[in-house]
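Here the structure comes first, spelled out in structure tokens, and everything after it is commentary.
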Amino acid sequence: MNMDEYRGVWVFIEQIEGKVLDVGLELLGAGKELAEKLEVDLCGVLIGNNVKHLANEVFEYGADKVYVIDDPIVDQYRTETYMVAVGDLVRKYKPEIFLYGATANGKDLASAVATEVMTGLTADTTLLDVNVEKRLFEASRPAFGGNIMATILCKKHRPQMATVRPKVMKKQEPETGRTGELIEETISLKEENLRTKVLDIVRDTSKKVNLEDADIIVAAGKGIKDEKGLQMVAGLADVLNGTLGASRDIVEAGLISHDHQVGQTGLTVTPKLYIAIGISGAVQHTVGMENSETIIAINNDPDAAIFNKAHYGIVADAFEIVPILTEEFKKALHVEAEEGDVAHAGEV
């Protein structure tokens, strides 16, 4: 393999039913930094049916080029069709670095493409950088149970690939009206030759908590101990009109469902306010919340690692301090509501 032939940073732009997922736009921001260091183009890869117009949005978020395969055969995601589509693009245009969102489809596609083009893949990365002199992509992720951060290199194969979880990278502000080069390609597959068919799409209508879009998250950790403690934390979340989160310990104890879990094996979140109650601060958890705008930690251990991530820390017994905070917030928010009503009435 002549690795000098490979140039450019690519981002897989995942779309569902004609809507671009945020993770692709987030990765364009991270990819832009890598591309600038390497002095190469930032490129988006857009696949689907009737999706060509979405390239405008990809350009506005920083892409210099967008490769588009717009065909009914890739209307719905299938490993087989998308793997062939992306594999053909990689072999023809030879990107140096290729980033995918660590969604269900993104992870499936990335691993299939890695096998198809015979290269490496680093999964669930949280830090991205590049050694410019050696042109080596440095993809870092928690390892050994979250006790260390491992930086993984792909020295002998190209492209260098990684998946990145949603919300790990921050989406940049779009530049309205920005354009770039649109490159349209075709796919050689025929429907009758495919091994898989999409027969039906069944939507999950079960009610789940939406942590990823929450502005305020109040999270319970191992120190909460039991159902009574969890209800105490939930009470504070309710008063703040926030969302209840949890560490893995609480989920594994059966106190709350997995869709509340924040961390390496849960969700990555970036709320305006994150209150960690009874959470020790292991890397497995903090990688999922460390990019929150403001972090408040409550723990009775002054040496707890969570305080290294917190903007504000309270060393106290959660069972003593949380009820006090809940009552004080109730009073403060009640006064604000009353003042707001009076001001509104006066204006009328």
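The values are calculated or read from the model by the stated rules, or taken from the named source; none is laboratory data. Quick caveat: nothing in here was measured; it's all calculated off a predicted structure. Positions of Cβ are generated from backbone atoms using ideal geometry, with glycine treated the same way; all protein chains shown enter the neighbour counts.
Can you say whether A104 is under 24 Å from the mean Cα position of the chain (by Cα), among the small types (G, A, S) and modelled with pLDDT under 95, as far as the supplied structure shows?
On the way: under 24 Å from the mean Cα position of the chain (by Cα): yes; among the small types (G, A, S): yes; modelled with pLDDT under 95: yes.
Here the answer is yes, as A104 does meet what is asked.
Being touching a strand residue (DSSP E or B) at 6+ places or on another chain (Cβ under 6 Å), more than 30 Å from K52 (Cα to Cα) and in a strand (DSSP E or B) is the requirement here; does A150 meet it?
Answer is yes for this residue.
For D88, all conditions in the list (1) at negative phi; (2) free of Cβ contacts under 8 Å to residues at least 24 places away in the same chain; (3) not polar (S, T, N, Q) hold save one; what is the number of the exception?
(2)
For E116, only one of the following conditions fails: (1) closer than 17 Å to L28 by Cβ; (2) without any contact (Cβ under 8 Å) to a residue 60 or more places away in the chain. What is its number?
Going through (1) closer than 17 Å to L28 by Cβ; (2) without any contact (Cβ under 8 Å) to a residue 60 or more places away in the chain one by one, E116 breaks only (1).
Within the stretch 194-227, can you find the residues that are assigned to a helix (DSSP H, G or I) and either touching a Phe, Trp or Tyr at 6+ places or on another chain (Cβ under 9 Å) or within 18 Å of V262 (Cα to Cα) (or both)?
The answer is K222, G223, I224.
Mind checking which residues of the stretch 289-308 are closer than 20 Å to L240 by Cβ and buried (at least 21 other Cβ atoms within 10 Å of the Cβ)?
Result: M289, S292, I295, A297, I298, N299, I306.
With part of a helix (DSSP H, G or I) and of a type in the set (V, I, T) as the only criterion, which of V40, V23, V68 stands out?
On the way: V40 fails: part of a helix (DSSP H, G or I); V68 fails: part of a helix (DSSP H, G or I).
The match here is V23.
Listed residues L127, L136; which is modelled with pLDDT of 95 or more and either at negative phi or in contact with a Lys or Arg (Cβ under 6 Å, 6 or more places away or on another chain) (or both)?
L136
Any residue at all in the stretch 173-182 that's at pLDDT below 90, buried (at least 17 other Cβ atoms within 10 Å of the Cβ) and either in a loop (DSSP other than H, G, I, E, B) or on the phi > 0 side of the Ramachandran plot (or both)?
For the stretch 173-182, residues at pLDDT below 90, buried (at least 17 other Cβ atoms within 10 Å of the Cβ) and either in a loop (DSSP other than H, G, I, E, B) or on the phi > 0 side of the Ramachandran plot (or both): absent.
Scanning the stretch 55-65 for residues that are part of a helix (DSSP H, G or I) and out of contact with any Lys or Arg (no Cβ under 8 Å at 6 or more places or on another chain), which turns out nearest to A35 (Cα to Cα)?
Looking at residues that are part of a helix (DSSP H, G or I) and out of contact with any Lys or Arg (no Cβ under 8 Å at 6 or more places or on another chain), I get V58.
For a quick check of your reading: which strands (runs of 3 or more DSSP E) sit entirely within the stretch 76-139 and have at least 2 residues that are in the same structural domain as V40 (by TED's automatic domain parsing) and surrounded by fewer than 19 Cβ atoms within 10 Å (Cβ to Cβ)?
Qualifying strands (runs of 3 or more DSSP E): 121-125, 127-131.
Conditions tested, residue by residue: (1) without any contact (Cβ under 8 Å) to a residue 24 or more places away in the chain; (2) within 29 Å of G120 (Cα to Cα).
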| site | (1), (2) |
| --- | --- |
| K156 | no, yes |
| A219 | no, no |
| G242 | no, no |
| G254 | yes, no |
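Looking at the stretch 172-194, I want the residues that are closer than 19 Å to T81 by Cα and have a partner that is in a loop (DSSP other than H, G, I, E, B) and among the basic types (K, R) with Cβ atoms under 8 Å, at least 6 apart or on another chain. Which pairs are those?
Note: pairs meeting the criteria are L194/R78.
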